[in-house]
Each structure stands twice: as structure tokens, then as C-alpha cells.
Amino acid sequence: MSTKNVFIFCLGSELLEGSVLDRNGNFMAKSVDSLAFRVQTIQVIDEVEHEMVEAFRYALAQKPAYIITTGGMGPGHDDLTRECVAKAANLPLILDDRAAEMLSRSYKRLAARGVVENPDLNEDRLGMAHVPEGSVCYENPMGTAPAVRLKIDPTTFFLLPGVPEEMQRMFDLYVVPALAADGPGVVKKARHVEWPGGDESALKRILTDINRRIPEIHTRARVMGSDNNLSLRVSLFGEHADEGALDKLLGRAEADLRARLGLEVTQRPEDSTTSVE
């Protein structure tokens, strides 16, 4: 599997209290996985300074390719993400003039729409332009807080706002192109086999043996349907630099699985595929 790992942090006490459902982690995980990176962890943490700094320091020590955070980027007293990343990386927090210009445009836009009365940048608003030294800032086309990109070799931070609509837009605009350009250069594919019945334990030895015999292919079983109509979906998935070689491995694994389950060995099914150049 890919050795390019990604840490995802979703920040906010409202997520831990259950008052707000975390949509950001799921959105990012699917996109990161589709780009052939491996999501090593998704963590929801409170906006408590020492807990955030400790979590970011630990993540940096693991040397992932990317650390992506959402939340804690606004003008509030508990919006500490920029400050905590700076402390974790032992960097000063500095005023970024370009970020200040972005904020000025954002507040003028919001004032023109009647969302805020005064577009001027006060001290609290200008706090969103203070970023770890060495950061590159990206304009927020929907809200106010700029996104931040920071390289701490070999890891790149992306700090994004927590409002899902803002985060998703900025993720697609700024994070996806960066990951795609830095991708592992592999093809990811998956095949799925449906098996009537809901006894997942009956598959344990079969899937363990397939994993042992074809270690490049990984398996996952999931119970589908309702109590009266249960089935198991077995997913076979892998990644490889050579698409043809991956097809052969998946074909071997699927034929083996179907034979063991007493299912018809069909012609090559449609694969779900992701290529990263």
C-alpha cells in the first residue's frame, strides 16, 4: 500500500459533544484515498491549546506527507489552530500582508451583501492574518479566514476553515491539486463480490488465506441488507504502479474467492479505478 500518509484533524468541542456532526473528516478521507494517499488517522480534538500542540507535535514526529486540519481558523478567542501549529513547529506567528489583503476583500464582499455592517479590519479580524512563519495563504472565496499551507520537511500542513461548505470548496481548490501533483503515481482498483448470508465469521479463514497467498491484495467484508435479507459484500482492493499487473492480481484473488464460496466465476467485472500520475 502507499507509504504516503495523511493525518486529518477536525477541531471543535461541538464535534466531541455530538451537537454537530463531523462532515469534514468523511469528505476529506474519500478524496485523499481517491488520490492514492493513505489516511493514517482522523482525529477529533477539542480546541484546547496544550492538547492541540501535543497532537500536532506527535503528528509531525510521524513524518506524514500531509497534515490537514479543519476548524479553529476564525476570529474567536478559541480559534487557536494557527497559533498551535506555530508552537508545534517551533515557529513564530507573523502578520502576513497578503492574508490581510485577502481578509480585507472578504469583509468588503460580506459588507456589500449586508452580512456585516463594517468591512474594516479590527484587531480580532486581523488575527486571522497571523500565520506561522513560512506559510503560504490562500483566499477564502466563501467566508473570511484564508487557508494556510506550511512546509515542515517532509510534511506539509494545510489549515482549513471548519464550516463544511467553505472547507470543501477550499479543499478542492487548493489541497486536491497539491496532492495530485505529489501523488504516489499508482493505480488503485477494487472489485466486489456479493455472498448471500450474514455470517462474517464464516469468511475469516478464507480471507486470511487469500491475504496470505496474494499479499498485494487486501480484503474487507461488510454486512449488507436488512435482518431478513442479509448478504456479505467482500471487497478486494489494491494499488500498483502497473495497471495490468494489478488487474491480474485482482483476477486471481476474485477467482479464488468465488471458487471457495461456491460462486460462479464471472467475466471481469467493472473495476472501481483511480489513477494518479
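The values are calculated or read from the model by the stated rules, or taken from the named source; none is laboratory data. Note that the structure is a prediction, hence the values are computed from the model and not measured. Here the Cβ is made from the backbone with ideal geometry for all residues, glycine too, and neighbour counts use every protein chain on show.
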Just a yes or no: is a residue in the stretch 67-75 outside any loop (DSSP other than H, G, I, E, B) and without any contact (Cβ under 8 Å) to a residue 40 or more places away in the chain? no
Scope the stretch 25-46; condition under 16 Å from residue 71 (Cα atoms), among the polar types (S, T, N, Q) and part of a helix (DSSP H, G or I); matching residues: 26
Could we say that residue 108 is surrounded by fewer than 16 Cβ atoms within 10 Å (Cβ to Cβ) and assigned to a loop (DSSP other than H, G, I, E, B) here? no
Checked against (1) touching a residue at least 60 places away in the same chain (Cβ under 8 Å); (2) out of contact with any strand residue (DSSP E or B) (no Cβ under 6 Å at 6 or more places or on another chain); (3) farther than 20 Å from residue 23 by Cα; (4) of a type in the set (S, T, N, Q), residue 104 satisfies every condition except (1)
Within the stretch 138-254, which helices (runs of 4 or more DSSP H) (wholly inside it) include 1 or more residues that are modelled with pLDDT under 95 and either at negative phi or of a type in the set (A, V, I, L, M, F, W, C) (or both)? 176-181, 204-213
Kindly establish whether residue 187 is under 23 Å from the mean Cα position of the chain (by Cα) and hydrophobic (A, V, I, L, M, F, W, C). yes
Looking at the stretch 112-126, is at least one residue in contact with a strand residue (DSSP E or B) (Cβ under 9 Å, 6 or more places away or on another chain) and within 28 Å of residue 57 (Cβ to Cβ)? yes
Could you please tell me which pairs satisfy a Cβ distance under 7 Å, a separation of 6+ or placement on different chains, a first residue in the stretch 155-175 that is in contact (Cβ under 8 Å) with a residue 12 or more places away in the chain and more than 15 Å from residue 59 (Cβ to Cβ), and a second residue that is assigned to a helix (DSSP H, G or I) and polar (S, T, N, Q)? 162/24; 164/24; 167/24; 171/31
Might you check whether a residue that is assigned to a loop (DSSP other than H, G, I, E, B), of a type outside the set (S, T, N, Q), surrounded by 15 or more Cβ atoms within 10 Å (Cβ to Cβ) and out of contact with any strand residue (DSSP E or B) (no Cβ under 7 Å at 6 or more places or on another chain) occurs anywhere in the stretch 81-98? no
